[in-house]
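Asker: The following block contains the structure, expressed as structure tokens.
The values are calculated or read from the model by the stated rules, or taken from the named source; none is laboratory data. Just so you know, these numbers come straight off a predicted model, no measurement behind them. Positions of Cβ are backbone-derived with ideal geometry, glycine not excepted, and every protein chain shown enters the neighbour counts.
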Amino acid sequence: MTTTGDKTVTLTQPRSTVSVAAPVLQAYDLFPTRIWQARLPSLRGHLDEWTATVLRMRAASPKPAGRTNRQGWNSEDMAVLEDLAFAPLREAVRVACANALHEMGVAGIPFEMQSWVNLHDRGGFNFLHVHEGCLLSGSFYLQVPPGSGRFVFRDPRPGVVHGYVKGAVPNGYGDIQLTPEAGLLVLFPCWMEHYVEPHDSDEPRIVIAFNAVPAHA
């Protein structure tokens, strides 16, 4: 501070600034989880026939098997794709599973198929579950009317739910909703928790669900 006559003047030193180069961040995505999807246009001509076959199966054995399905019907039969009527779909599913298993590093492992019908009436859904002890799981959609419940994958990282960041961003928490369509094939790791949202149509939502399981010796 200096005084000149009747004026007081405050002198200030300029604030020093430090120039820092922004750190170059190298990103690593750890614990990737892969699913697969395929649209099978060559099979679309069979969808009406297969839907009618499923409805006949339900009429012949109307009691649902239960498991994770609610307010609909699922088959007791766990070998639906072995029916001759589904032969083209069975072959497509087997090839798709073999290719996915190859990507997972277990090419050539012998496997068998489990397969069943999952049908939802209005309000129907599947609660959260996994397909324990399988190599791979999947779904093929036969009939998906407007209002069909979405297929939802739960984020498989148990700790991320406690984080601050939400949404589809790095290190954020968010489930993944898959909007199904007729003729769509989906494969996913059996350990991924998943569920189906409630169905909002009077026309049923119909899926052939399946597992690839290790072949018996």
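Asker: Restricting segment 157-188 to residues that are touching a residue at least 24 places away in the same chain (Cβ under 8 Å) and charged (D, E, K, R), which is nearest to V130 (Cα to Cα)?
Answerer: R157
Asker: Quick check on segment 55-63. Is at least one of its residues closer than 29 Å to G105 by Cα and surrounded by 13 or more Cβ atoms within 10 Å (Cβ to Cβ)?
Answerer: No: zero hits.
Asker: Show the residue pairs that are 6+ apart or on different chains and have beta-carbon atoms under 7 Å apart, the first residue being within segment 46-71 and under 26 Å from H131 (Cα atoms) and hydrophobic (A, V, I, L, M, F, W, C), the second being at pLDDT 95 or above and in a loop (DSSP other than H, G, I, E, B).
Answerer: Final answer for the pair search is L47/A182; L47/G183; M57/S75; A65/S75; A65/E76.
Asker: Is it the case that segment 107-115 has a residue that's over 16 Å from the mean Cα position of the chain (by Cα), in a strand (DSSP E or B), within 26 Å of T33 (Cβ to Cβ) and of a type in the set (F, W, Y)? Steps first, answer last, please.
Answerer: Residues of segment 107-115 over 16 Å from the mean Cα position of the chain (by Cα): 107-115.
Next, from what is left, pick out any that are in a strand (DSSP E or B): 111-115.
If we keep only those that are within 26 Å of T33 (Cβ to Cβ) as well, we get 111-115.
Next, only the ones that are of a type in the set (F, W, Y) stay: 111.
Yes.
Asker: Looking at segment 54-103 only, could you name the residues that are of a type in the set (G, A, S) and over 20 Å from the mean Cα position of the chain (by Cα)?
Answerer: A59, A60, S61, A65, G66, G72, S75, A79, A85, A87
Asker: Does D77 satisfy being of a type in the set (D, E, K, R), surrounded by fewer than 16 Cβ atoms within 10 Å (Cβ to Cβ) and within 25 Å of L178 (Cβ to Cβ)?
Answerer: On the way: of a type in the set (D, E, K, R): yes; surrounded by fewer than 16 Cβ atoms within 10 Å (Cβ to Cβ): yes; within 25 Å of L178 (Cβ to Cβ): no.
No: the conditions fail for D77.
Asker: Here's something else I'd like to know. Please specify each residue of segment 110-137 satisfying the condition of being among the β-branched types (V, I, T) and in contact with a helix residue (DSSP H, G or I) (Cβ under 6 Å, 6 or more places away or on another chain).
Answerer: Residue satisfying the conditions is V117 alone.
Asker: State which residue pairs qualify: first residue over 15 Å from T68 (Cα atoms) and in contact (Cβ under 8 Å) with a residue 60 or more places away in the chain and inside segment 130-150, second residue part of a loop (DSSP other than H, G, I, E, B) and acidic (D, E) in any location, beta carbons under 8 Å apart, and separation of 6 or more residues or different chains.
Answerer: Y141/E181; Q143/E203; V144/E181; P145/E203
Asker: Also: Spot the failing condition for A107; the list is (1) touching a helix residue (DSSP H, G or I) at 6+ places or on another chain (Cβ under 8 Å); (2) within 24 Å of D77 (Cβ to Cβ); (3) not β-branched (V, I, T), and only one is missed.
Answerer: A107 satisfies all of (1) touching a helix residue (DSSP H, G or I) at 6+ places or on another chain (Cβ under 8 Å); (2) within 24 Å of D77 (Cβ to Cβ); (3) not β-branched (V, I, T) except (2).
Asker: Based on what the data block shows, is S115 touching a Leu at 6+ places or on another chain (Cβ under 7 Å) and polar (S, T, N, Q)?
Answerer: Against the criterion (touching a Leu at 6+ places or on another chain (Cβ under 7 Å) and polar (S, T, N, Q)), S115 qualifies.
Asker: Output the residues belonging to segment 199-217 that are touching a residue at least 12 places away in the same chain (Cβ under 8 Å) and more than 16 Å from C97 (Cβ to Cβ).
Answerer: Correct list: H199, D200, S201, D202, E203, P204, R205, I206, V207, H216.
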